[in-house]
Amino acid sequence: MNTTENPTPKQTSGLDGSKKIMLGLAAVLVVVVAVMYFWKTSAVSAVESKLVEAQAQSVQERSELIERARQLDARDDVESLKRFSIPLAWAIRRELMASNLDQVDQYLSELVQMPGFGSAVLANPEDKVMVATDRKNLAEPFSTLYPAQYLQAKEVRIEPTSAGGLRAIIPVMGLNQQLGTLVVEYTSPVFPLK
């Protein structure tokens, strides 16, 4: 009789061992799932941070490229305006030597109708405005519109204006004397870079 009572406690302890193994496997599975979840989360986070960093670098590089393009464009504007000023001075010189201020006025009126050109003022060396695209400036001395030192300019100068444009100071030279000074305001047309 003793033998029949012994097998029952062994079966109970076998179920306890099986439960322990199942609980152990479940615990290992939970740990593995948790580790995989945290590993996946950190990997995704690392990829996201690298993507954000790459996007920021791309934006930085793009803005640097746009700034370089603007600087090159501005330099080209200065050089082009300087080259344009020399033949303009020759045309004005020819008309001044012939005392043909009406033709000079027509040249300057046509000039300011071209894109980018603002105003133009021609003054004699005595500080008197001879021709101006803005008729109100005809009554003003040149030195009230621009620095008087412009009247002594011996070569074409291009300066930036406070409004972001350019100002060409163009001496108009005769054979042995300065006939006048032409000041032309220019603002480069804006081309959006997207």
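The values are calculated or read from the model by the stated rules, or taken from the named source; none is laboratory data. Since the structure is predicted, the reported quantities are computational estimates derived from the model, not experimental observations. Note that each Cβ is placed from the backbone with ideal geometry, even for glycine, and that neighbours are counted across all protein chains shown. Ligands, DNA and RNA are stripped out before the accessible areas are found, and what is left, the full protein with its side chains, is counted by its heavy atoms. Shrake-Rupley method; radii C 1.70, N 1.55, O 1.52, S 1.80 Å.
General remarks:
- Selection within the range 116-132 - closer than 26 Å to residue 74 by Cα, open to solvent by 20 Å² or more (accessible area, probe 1.4 Å) and of a type outside the set (Ser, Thr, Tyr): 116, 117, 118
- Qualifying residue in the range 11-24 (condition: under 37 Å from the mean Cα position of the chain (by Cα), surrounded by 10 or more Cβ atoms within 10 Å (Cβ to Cβ), in a helix (DSSP H, G or I) and on the phi < 0 side of the Ramachandran plot): no
- Boolean, residue 141 is free of Cβ contacts under 8 Å to residues at least 24 places away in the same chain and either surrounded by 16 or more Cβ atoms within 10 Å (Cβ to Cβ) or not aliphatic (A, V, I, L, M) (or both): yes
- When the range 68-79 is filtered for residues that are closer than 21 Å to residue 186 by Cβ and either open to solvent by less than 80 Å² (accessible area, probe 1.4 Å) or not hydrophobic (A, V, I, L, M, F, W, C) (or both), the ones remaining, listed by number, are 69, 70, 71, 73, 74, 75, 76, 77, 78, 79.
- Residue check, residue 111 touching a residue at least 24 places away in the same chain (Cβ under 8 Å), touching a Phe, Trp or Tyr at 6+ places or on another chain (Cβ under 7 Å) and surrounded by 13 or more Cβ atoms within 10 Å (Cβ to Cβ): yes
- Unmet criterion (only one of (1) exposed (fewer than 12 other Cβ atoms within 10 Å of the Cβ); (2) in a helix (DSSP H, G or I)) for residue 93: (1)
Results for (1) farther than 30 Å from residue 176 by Cβ; (2) of a type outside the set (Lys, Arg); (3) touching a strand residue (DSSP E or B) at 6+ places or on another chain (Cβ under 8 Å); (4) modelled with pLDDT under 90, shown as yes or no for each residue.
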position	(1), (2), (3), (4)
72	yes, yes, no, yes
96	no, yes, yes, no
106	no, yes, no, no
113	yes, yes, no, no
123	no, yes, yes, no
134	yes, yes, yes, no
146	no, yes, yes, no
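- Subset of the range 128-168 that is more than 26 Å from the chain's Cα centre (by Cα) and part of a strand (DSSP E or B) - its residue that is farthest from residue 105 (Cα to Cα): 141
- Here residue 135 does not fit the description of being within 30 Å of residue 66 (Cα to Cα), without any contact (Cβ under 8 Å) to a residue 24 or more places away in the chain, out of contact with any Leu (no Cβ under 9 Å at 6 or more places or on another chain) and surrounded by fewer than 16 Cβ atoms within 10 Å (Cβ to Cβ).
- From the list 40, 82, 50, the one residue that fits, being at pLDDT 85 or above, in contact with a strand residue (DSSP E or B) (Cβ under 6 Å, 6 or more places away or on another chain) and open to solvent by 80 Å² or more (accessible area, probe 1.4 Å), is 82.
- Meets criteria (of a type in the set (Lys, Arg), closer than 30 Å to residue 177 by Cβ and assigned to a helix (DSSP H, G or I)) for residue 40: no
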